Each structure stands twice: as C-alpha cells, then as structure tokens.
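The structure appears right after this line, and notes come after that.
Every read-out reported here was derived from the displayed coordinates using simple, explicitly stated rules and does not represent laboratory data. Values in this document were obtained by computation on a predicted structure and should not be read as measured data. Heads up, the Cβs are rebuilt from the backbone with ideal geometry, glycines too, and the neighbour counts pull from every protein chain shown.
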Amino acid sequence: MAILVFGISHQTAPIGVRERVALDAAQLPAALAGALAAQGTREAVILSTCNRTEFYLAGEEVSPAPLSEWLVRVKALDPATLSGHFYTLEDQLAVRHALRVACGLDSMVLGEPQILGQLKQAYEASVNGKAVGKTLGKLMQYAFTVAKKVRTETAIGRTPVSVAYAAVRLARQIHGDLAGRTALLIGAGDTIGLVAAHLRRAGIGRLVIANRTLARSAALAREMDATAVALTDLAEHLPGADIIVTSTASRLPLITRALVQSAVKTRRYQPVFIVDLAVPRDVEPSVATLADVYLYTVDDLNNVITENRELRLTAAAQAEEIVNLHVQNFLDWLQSLNGNAVIVDYRRQAEAVRDELLEKAQRRLAMGSAPAEVLRGLAVGLTNRLLHYPTSTIRAASIAGRQDVVSFARELLGLDAPEDDHQS
C-alpha cells in the first residue's frame, strides 16, 4: 500500500497561487469524488486552509500526475501555475509530513494549534464522503495522537508567538476567565481583527470596537459579533472595559492619564489591562504609573514573543523526535499489513482442510467405524495435508542449493537449530 501527499503551502507558493487552488467546505465533497476518480483509488483526504491545500492519498498505485491534470481542469488553471509550487511526498516522507502538519511543525507560526482542528475537519469530511479506508484512517488517527502527545510533553504550544495572541494570553493571566469581561478594541485594522478573533476564541463576554470611521468598526463588529462605537464616545466606554487594546495611526495619544484615572475611579479600582500596539503610542506612558492599571506596549510584547520563539524552537526539536519515533511505528504497522494478508489466507486454507477432513470423519463415524480409528485417520490426514506444501517447498529449495530458504523455513517453523550448528 502506497501513501502520497500532493500539495502546495506557504513555503512553496505566494498567496496569489494558493488562493487559486483553495477549496472551501462546500467544494470538498465534489473535490473528493474528483480526486478519487482521477487516481482510481478509494482513499483521499483534502486539507485546504489559507496556508495550504494538500491531497493525502492511499492505494496500490498513486501518482501526482492524474491529480495535477484534474486540478488544472477543475480550477481552469494554466499548467504553468502549478509548476514549481506543488510538492510530492511518498510513503515515509508522506507519513512524516502528515504528523508534522498535525503538530504545527510545518505551520507559518511554529506550533500553532488551529491546524490540528482543520485537519480533523478535513478527515471528518472524508469520512462523511466515504473516502477514508484502513490506511488513511490509521494515518489520521496517528497524526491526532502524536499532536496531542507533542502538546502534552513539550512546551511548543504554551507560549504566544504573535502580538495579538500574546495580548490575549496576558489578559487571561490578569483576569482569569474572560466570560464575564468586556474588551474595548480601538482601531479596525488587521491587528485589531486578530485580537478580536483571539478574544472570541478565549470566550470573552462582551466585545466593543471603536474607530474613527464608524463604518469600518461596524463592519468588523458584525464579523466578530461585537458592538461598534464612535471614537468620540471613548470616554463613555472606558470605565466598562476590563481589557483595552489599541492600534491606530493617530499621531497623538488617544488615551490620556486623566481619562484612565477617571475610568479607574468609576470602576472602583478594579484592575484594567491595557495593550498599546500603536507606533506612535496611543496611550500616554504615564498611565503605567496608575494603581490597578497594567499597561503593555508593543515592545513589551515583542520581548515576550522573542523569548517564546526560542522556547518554541527548543520544544520543536523535542517534537521532531516524537514525530520520527511515531513515523517508524506507523511504517511498521503498514508493513505488517502484508504479513496479515498472508496469515489470513493461510488460516483460511488450513480451516478449509480441517472442515473437509472433519466432515469425512463424521461420515465414517455415522457408518459405524471405530472412533479411535477415525480420530487417528483424522489426525494423520490433517498433518499430511498441512505439511505437504511446506515440506515440498523446503525439499525443492534444498535440491536447488537455496540454503537461505531452508534456514528461513527453520526459523519460520520455530525449529531448533540443527545439531551441527551447536558444535564448535
């Protein structure tokens, strides 16, 4: 059984190429059917995210050529579009890649956890599309198990490595459970969007977005199930905010010491966590001197992130060792399938001989033959029939000088070494 990965990722292609081959959830059923038909196989998993589109295939014969031709046709691409961007990995390399992807070792952000959930969704789509068999089913379960082991036994996912993620992680350290907390985000750019997404995943109770242009904050608010407010109403919303994250292009501070001091007094000195991601700064530096206010700048977070990246690199080395061990375990299992097929066939053959001779013995007993005679005939007949082909093969190998076959037969049959082998 061969395993193949055919794919494209952030490491091999720019976003302009990746977006042209991406497949959304609605397209997956048809894509799975098309990929299976193109390959003439029964097993496929398609993983498509903003950073990668990969086809995992298993079958007696799998090749990237039919899949490439199918993708060009379905996506109406110039074949040159794929040239140099797609990679093909087979067997051991394919297995290792699947495990590394699940662990976040192949991600743009090392160790990020979202990819595992995306891979599980891709697997479920294939299961629902009846496109998963024994081999890919086992590989995906292996990948999920290894990813969990890496998360448990290394520090690869315990430290934030993006400004947005670091901000939310610090907020949880200060406030604990965020379910009953309110976050006020100032700005409506990409960074604030990422912070909003992380806060939503962290279970924030209420999200308020303020921006100079109300239409932009309203658009982001709709996407994040938040409340949009005007920047001119900032003073009104500061006292209700447990978490404040700001990232604007303002040339002057938007949040002054006086504003925060008034807000803290209104809050009866409940702690406020403020993250200023703007350059120039949106928050007056003197705010940091106020009691019950925790102010972090982008430089503070970058220092945390730099240290965390080093920790993740160390953890990644440990994760690679775990991956390598389990790659070999999976390959051993895959190799055992060939032996299992032989065992099943041999057992079926032996059982057929047994049933045939047992039926003959029962007929003899019914005709009045002596039980002892029937049992002896059954035992002799069964022994002769089961030993006939192996002994004929060993005899032929010996005549042909195939000592390797004779030696292996002795090992296979569990026989002691010949007496001459014990003599020095």
With residue 64 itself left out, Lys, Arg at +1 and Asp, Glu at -1 over residues whose Cβ is under 13 Å from its Cβ give -4
Whole-percent tail of the Cα-Cα distance distribution for segment 147-217, cut at 17 Å, equals 49
Note on segment 163-306: C-alpha Rg/Rh, Kirkwood Rh, two decimals, gives 0.92
Any residue on another chain or 5+ positions along whose placed amide H is under 5 Å from the amide H of residue 43 is listed here as 58
With T = 4 °C, eta = 1.567 mPa s and Kirkwood Rh from C-alpha pairs, the Stokes-Einstein D of segment 177-248 in µm²/s is about 111
Binned at 5 Å starting from 0, the alpha-carbon pair-distance distribution of segment 81-139 in whole percents comes out as 4, 16, 19, 23, 23, 12, 3
Rounded to the nearest 500, the 222 nm mean residue ellipticity computed for the chain from DSSP H runs (n ≥ 4, each -39500 (n - 2.57)) alone is -19000 deg cm²/dmol
In the chain, helical segments from DSSP H whose Cα atoms cover 30 Å or more along their own axis and that average at least -1.0 on the Kyte-Doolittle scale are 298-366, 371-399
Taking N as the number of residues in the chain, the ratio of its alpha carbon radius of gyration to 2.2 N^0.38 Å works out to 1.51
Going from the fewest other Cβ atoms within 10 Å to the most, one would list 415, 110 as 415, 110
Amide H neighbours of residue 209 at under 5 Å, excluding residues fewer than 5 places away on the same chain, with H built from the backbone geometry, are 185, 227, 228, 229
Beyond 18 Å, the calculated P(r) of segment 344-418 holds a percent of Cα-Cα pairs equal to 55
Projected convex hull area of segment 109-197, Cα atoms, direction-averaged, in nm², equals 8.1
Here the FRET efficiency for residue 212 versus residue 270, based on Cβ atoms and R0 = 25 Å and rounded to 0.05, is 0.35
Protection proxy (average C-beta count within 10 Å per residue), highest first, orders 288-297, 360-369 as 288-297, 360-369
Ranked on Cβ counts within 10 Å of their own Cβ, fewest leading, 124, 411 go 411, 124
Excluding residues fewer than 8 positions from residue 265 in its own chain, the aspartates and glutamates with Cα under 20 Å of it are 233, 236, 242, 284, 292
Rounded to the nearest whole number, the Stokes-Einstein translational diffusion coefficient of segment 16-79 at 10 °C and 1.306 mPa s (Kirkwood radius, C-alpha pairs) in µm²/s is 132
Listed with the fewest Cβ neighbours within 10 Å leading, 175, 388 appear as 388, 175
Working note, segment 255-349: Cα radius of gyration (Å, one decimal) and Dmax (Å, whole number) are 28.8, 89
Cα pairs beyond 29 Å in segment 2-153, in percent, come to 9
For segment 11-52, one quarter of the surface area of the C-alpha convex hull, expressed in nm², comes to 3.3
